Amino acid sequence: MDFTLKIWRQNGPKDKGRFETYEIENITPETSFLEMLDILNQKLIKEGKSPVAFDHDCREGICGMCGLYINGRPHGPDDDITTCQLFMRKFKDGDTIVVEPWRAKAFPIIKDLIVDRSAFDKILQEGGYISVCTGEAPEANSILIPPEVAEEAMDAASCIGCGACVAACKNASAMLFVAAKVSHLALLPQGKIEAAKRVKAMIAKMDELGFGSCTNTRACEIECPKNISISHIARLNREFLKANF
Amino acid sequence: MFLNSSVGKKIVVSVSGLFLALFLVVHLFLNFLTVVDDSGDAFVEACNFMERNFIIKIMEYVLAAGFIFHIFYTTYLTWKNRSTRTTNYHVSQKTEVSWSSQNMWISGFVILGFLILHLYNYWYKFKFDESLEVEPIGKFYLVVQLFHQWYYTLFYIIWFIALGLHLNHSIQSGLHTLGLTNQKWIDRLNLISSLYAIFITVGFSIISLYHYLTYVLNNY
Amino acid sequence: MKILDPKVPDVSIEKKWSTFKSSCKLVSPANKERLDIIVVGTGLAGASAAATLGELGYNVKIFCYQDSPRRAHSIAAQGGINAAKNYRNDGDSVYRLFLDTLKGGDYRSREANVYRLAEVSNAIIDQCVAQGIPFARDYAGYLDTRSFGGAQLARTFYARGQTGQQLLLGAYGALNRQIKEGKVKLYNRHDVLNIVIVNGRARGVIARDLVTGEIKRFSAHAVVLATGGYGNVYYLSTNAKGSNGSLIWRAYKKGAYFGNPCFVQIHPTCIPLHGDFQSKLTLMSESLRNDGRVWVPKNLEDAKKLQKGEIKANDIPEENRDYFLERRYPSYGNLVPRDIASRAVKERCDAGYGVNSTGLAVFLDFADSIKKLGKETIEKRYGNLFQMYEKITGDNPYETPMMIYPAIHYTMGGLWVDYLLMTTVPGLFAIGECNFSDHGANRLGASALMQGLADGYFILPYTIGHYLADMIKEKPLPTDIQEFDLAEKEVKEEIERLFSTSKTETVDYYHRKLGKIMWDYVGMSRTAEGLKKAIELIKELRSEFWKNVYVPEQPYTLNQELEKALRVADFMEMGELIAFDALHREESCGGHFREEYQTEEGECLRNDEKFAYVAAWEYQGLDKEPILNKDILEFKEVKLVQRSYK
């Protein structure tokens, strides 16, 4: 398969950035999208050009490091995947593919397609945990949790922190990301004690870092590689109301 | 603290929005009286009741405040949300989200434009036209006769559609923001929201069409 | 040659750890505040250690090359974590977990360490539940368990097929809390490239800021390596792209001994290779072998037809299927340990029974389980794995059997450490996959998570205190001293050397070539001849690499190719040591299979008389043979027998 690639190139945070067009040939349908970029980079290096910088690590859809906005969709034209799980069989021979970085003020571009997502870490540092020191824990089965509650908590906890929700949202809101953590911990008896403090602190940080607010368009939910439901945002709202009144 | 946070702001917007949505039912009920009773007596009776009732009088101010607040506050928030992205995407979003959820400000803006016209057409005249004091049945004719012009009927129907699009997203969104949904109810509320939007749009449109058509048929 | 002293307390096995804990030196809270510790790596071991050390009051600096600590590759562990809770009342105990792990490792691990691991396993589960990890529950709300390879009981706790992710996020949460408290300072997007040794002690590191390319210096009172393993020497593996052995290698060059480098685990259930440009192999959790049955056709003609694509799996009738694991190992069946399963798969494929176009795959079939348990149960247990498989291959495993083939997965070998998890360089500790200690020649499934967290939460915090108690008078070290200058110079020289080549072939080209050599000659089955050849080939390739490698752009700026080049440069040297170690170990054990040493049935043939030791290699210079030092493995609790899963 042959493709025309239009890729966003930007030297650094202050550079204006522009699209560059590359032609790539003889790609097999089993090639993953990132492998296709690898092939492109090998070609660029040999031509003495600078390779495209992009983030990736585990390449099996769980580390959350990769994240490209491909043809108008975060993680590209397939559902419930990360960019590394996108395969070229999802495109047609001869397609033009436009590749952009996540765009949000809270995620400044570092280079080309790499963005700085440390804002996510900063939000979680505000309380995305249960404050238990090593050694303090009681016997595991002394805390009983109904399986359906554990399952729902697990749904929320499966967030990989890739940032597709922010990338998809017209307001660049991080609500789904924050809600996933708030909801996961608020569902469990262990997490209820700090629930009020947690939700207030995390939302305050989220606002401070320049993410937009949620208007319930559900774009985040559609693009979330782990299929996290916006019902967790409803729980966050509930927790927030409870915490304030 | 609460009002400073993005979630707090959203909660305030949903409360104001849901209040306005509720008002529409009352309004629709009143309008139906023009259809139910050809003589206009029922409508005039209802108008008189509302003008004299103390609580309704207060509610009129609350409603006005609600509208003004809702309009200005959502515009402010929309403007603020726009600034969360310094560069826009080159390829526009291909994520399949509902049109109404993405374009609340546009549908809201259309509604506002017509709202001004509407206030001039009715509210202003009801309030300040002294002849209506003397001859209250004039209110009924004022309502009905406006729809004898086809373009007004058309205008209003366009308005009701914009209103429907706005409501389609807003009921579920409002309840969601208030934390009143969960995994089970999220899709049910979507449906309820859409049904409510259809109810309001179709309800108001039927009334306008009814008056237009009865006029056309009677003069044919 | 030296005989190494692992410093294991000389009491009965069940008292060793408690004896150490009650007699080790302590550091007072006021002194802890004056002590700095560097932790490299934010996986299960690194994150849990840094969080716990921060809670204790030490000042911790933690490094990761990714943008966030949460990305460490522990996140990709799927199946579960073992613990001897015996909630099922199925006969589990600390002692039995210890025995299973020791036996699973083919008796090449240190008894005292393995026992300690089993001993703290229960506390890990308690800790994780308290952190809010959503483990699977039964109907009444109690913790659920499942069984895993190498065990006849259900002792594996799990959170869907994402156990590693959940445990890592738990540790990451604990780490975040300490970052917020100011006790831990995070350096993300930093590649640690060298270790600084001052007066014989590890006192700092040199790191490259991956965003600016700047080389930075950091000092501390102790350095903890939690860098993970070196599986990426093989190029294609289940490791993350960035996983590297660089710091293990730097430590080795600075005098830390490298234990059993040839013990590499090959995981039987990975998605088979599809093409030349493939960048990595994806693991399908071992837990799948609970409900999936492994088979190939009985008749060679059927296999040929499958390879040509003339028939499909479902066209082969039941009586013509060979469930070879169940046939060969009736008592463990599909749940034999990984090394045994991998070799059995390879044996069938080598005999021509492979089932895909390359002939390098076997079936993992869920049809029977779906019939027995219903699609819904299977979906609940493995839904995300099935989805992942379908995304990659385009096949639906609910309808056609999965195809699997072994791939490099984990390295049991690593830096040699004593009972205190300290390497032979004082002040340099190694925890998690990057040390050699607990898994012998083969790791059992669901034990890596257990080891990482055991080391980080419950072992290192004690043992490092014992070391640091002697360091309380040491002031924080300035980084402008000669030792730092020298360590930085080494790094810079290597970087500059990478830019002064003929610039012919890319880094990936050489990495792929190295991987091919490693897989062909130092892979699932090894021979003396092949290993010697591999050593020659690696030497050649290495000199070619240094002459011709093409690293584009500038050295001191964001440069992903340079990051790769630095890692591959180390792999080029490491591969040789792996082969060298494999050549010296004239026996077969666990993941190390030498064709010359096998039983009549093709199983591993150990040589306990000659090789019941940990080979701890001491660096002598790149062109010199390393010195072999021995940590003699004494087995007081078990009698060494031929491992049998029949």
Any hit, region C:540-550, residues being touching a residue at least 60 places away in the same chain (Cβ under 8 Å) and either of a type outside the set (Phe, Trp, Tyr) or buried (at least 16 other Cβ atoms within 10 Å of the Cβ) (or both): no
Scope region A:78-96; condition in contact with a strand residue (DSSP E or B) (Cβ under 7 Å, 6 or more places away or on another chain) and surrounded by fewer than 21 Cβ atoms within 10 Å (Cβ to Cβ); matching residues: A:Asp95, A:Thr96
A:Glu194 vs. criteria among the acidic types (Asp, Glu) and more than 21 Å from the chain's Cα centre (by Cα): yes
Top-ranked residue of region A:28-48 - restricted to ones that are facing chain C (nearest Cβ under 8 Å) and part of a loop (DSSP other than H, G, I, E, B), ranked as nearest to C:Ser279 (Cα to Cα): A:Thr31
Number of the condition not met by B:Lys184 [criteria: (1) surrounded by fewer than 16 Cβ atoms within 10 Å (Cβ to Cβ); (2) within 19 Å of the chain's Cα centre (by Cα); (3) within 14 Å of chain A (Cβ to nearest Cβ)]: (2)
Condition met for C:Arg606 (closer than 20 Å to C:Ser437 by Cα, surrounded by 21 or more Cβ atoms within 10 Å (Cβ to Cβ) and not hydrophobic (A, V, I, L, M, F, W, C)): yes
Close pairs (9 angstrom Cβ cut-off, 6 or more residues apart or separate chains): more than 7 Å from every other protein chain (Cβ to nearest Cβ) in region A:121-144, part of a loop (DSSP other than H, G, I, E, B) and surrounded by 16 or more Cβ atoms within 10 Å (Cβ to Cβ) anywhere: A:Lys122/A:Leu209; A:Ile123/A:Ala174; A:Ile123/A:Leu209; A:Ile123/A:Phe211; A:Gly127/A:Glu194
Every pair of residues 6+ apart whose Cβ atoms lie under 7 Å, when the first sits in region C:478-505 and is free of Cβ contacts under 8 Å to residues at least 60 places away in the same chain and over 16 Å from C:Asn194 (Cα atoms) while the second is part of a helix (DSSP H, G or I) and among the polar types (S, T, N, Q): C:Thr501/C:Asn548; C:Ser502/C:Asn548; C:Thr504/C:Asn548; C:Glu505/C:Asn548
Elements of type helices (runs of 4 or more DSSP H) contained in region B:30-144, each with 3 or more residues being more than 24 Å from B:Leu154 (Cα to Cα): B:41-52, B:54-82, B:131-134
Any helices (runs of 4 or more DSSP H) falling wholly within region A:154-245 and containing at least 3 residues that are within 29 Å of A:Cys58 (Cβ to Cβ) and assigned by TED's automatic domain parsing to the domain that holds A:Glu139: A:164-168, A:175-187, A:195-208, A:219-223, A:231-244
Leading residue by the ranking (surrounded by the most Cβ atoms within 10 Å (Cβ to Cβ)) among those in region C:368-395 that are free of Cβ contacts under 8 Å to residues at least 40 places away in the same chain and over 30 Å from the mean Cα position of the chain (by Cα): C:Ile370
Single residue of region C:116-128 satisfying the filter (closer than 12 Å to C:Met450 by Cα and surrounded by fewer than 24 Cβ atoms within 10 Å (Cβ to Cβ)) that is farthest from the other protein chains (Cβ to nearest Cβ): C:Glu119
Selected residue (only one of A:Ala180, A:Ala234 is in contact with a His (Cβ under 6 Å, 6 or more places away or on another chain), within 28 Å of C:Gly141 (Cβ to Cβ) and within 13 Å of chain B (Cβ to nearest Cβ)): A:Ala234
Residues of region A:39-58 that turn out to be crowded, with 24+ Cβ neighbours inside 10 Å and either touching a Pro at 6+ places or on another chain (Cβ under 8 Å) or touching a residue at least 40 places away in the same chain (Cβ under 8 Å) (or both), as a count: 1
Residues of region C:302-357 that turn out to be charged (D, E, K, R) and under 14 Å from C:Glu603 (Cβ atoms), as a count: 5
C:Val120 under 30 Å from A:Gly161 (Cβ atoms) and touching a helix residue (DSSP H, G or I) at 6+ places or on another chain (Cβ under 7 Å): yes
The lone exception for A:Leu68 - which of (1) facing another protein chain (nearest Cβ under 10 Å); (2) closer than 23 Å to A:Lys170 by Cβ; (3) not β-branched (Val, Ile, Thr) it fails: (1)
Subset of region C:449-475 that is within 14 Å of chain A (Cβ to nearest Cβ) and either charged (D, E, K, R) or surrounded by fewer than 22 Cβ atoms within 10 Å (Cβ to Cβ) (or both) - its residue that is farthest from C:Ser48 (Cα to Cα): C:Gly465
Verdict on A:Gly61 being touching a residue at least 60 places away in the same chain (Cβ under 8 Å), at positive phi, facing another protein chain (nearest Cβ under 8 Å) and buried (at least 20 other Cβ atoms within 10 Å of the Cβ): yes
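Among residues belonging to region C:231-256 that are of a type in the set (Phe, Trp, Tyr) and under 15 Å from C:Tyr619 (Cβ atoms), point out the one that is surrounded by the most Cβ atoms within 10 Å (Cβ to Cβ).
C:Tyr252
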Selection count, region A:92-120, where residues are within 8 Å of another protein chain (Cβ to nearest Cβ), part of a loop (DSSP other than H, G, I, E, B) and closer than 30 Å to A:Glu30 by Cβ: 1
Checking A:Phe19 against (1) surrounded by 20 or more Cβ atoms within 10 Å (Cβ to Cβ); (2) outside any loop (DSSP other than H, G, I, E, B), the condition it does not meet: (1)
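Answer yes or no as to whether C:Glu181 is closer than 22 Å to A:Ile193 by Cβ and either surrounded by fewer than 20 Cβ atoms within 10 Å (Cβ to Cβ) or more than 8 Å from chain A (Cβ to nearest Cβ) (or both).
Yes: the conditions hold for C:Glu181.
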Among the candidates C:Pro317, C:Pro330, residue that is exposed (fewer than 14 other Cβ atoms within 10 Å of the Cβ), of a type outside the set (Gly, Ala, Ser) and within 30 Å of the chain's Cα centre (by Cα): C:Pro330
Scope region C:129-149; condition within 11 Å of chain A (Cβ to nearest Cβ), touching a strand residue (DSSP E or B) at 6+ places or on another chain (Cβ under 8 Å) and either hydrophobic (A, V, I, L, M, F, W, C) or without any contact (Cβ under 8 Å) to a residue 12 or more places away in the chain (or both); matching residues: C:Val129, C:Phe135, C:Ala136, C:Arg137, C:Leu143
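The values are calculated or read from the model by the stated rules, or taken from the named source; none is laboratory data. Quantities reported herein were computed from a predicted structural model and do not represent experimental measurements. A quick note on method: Cβ atoms are made from the backbone with ideal geometry, for glycine too, and the neighbour counts reach across all protein chains shown.
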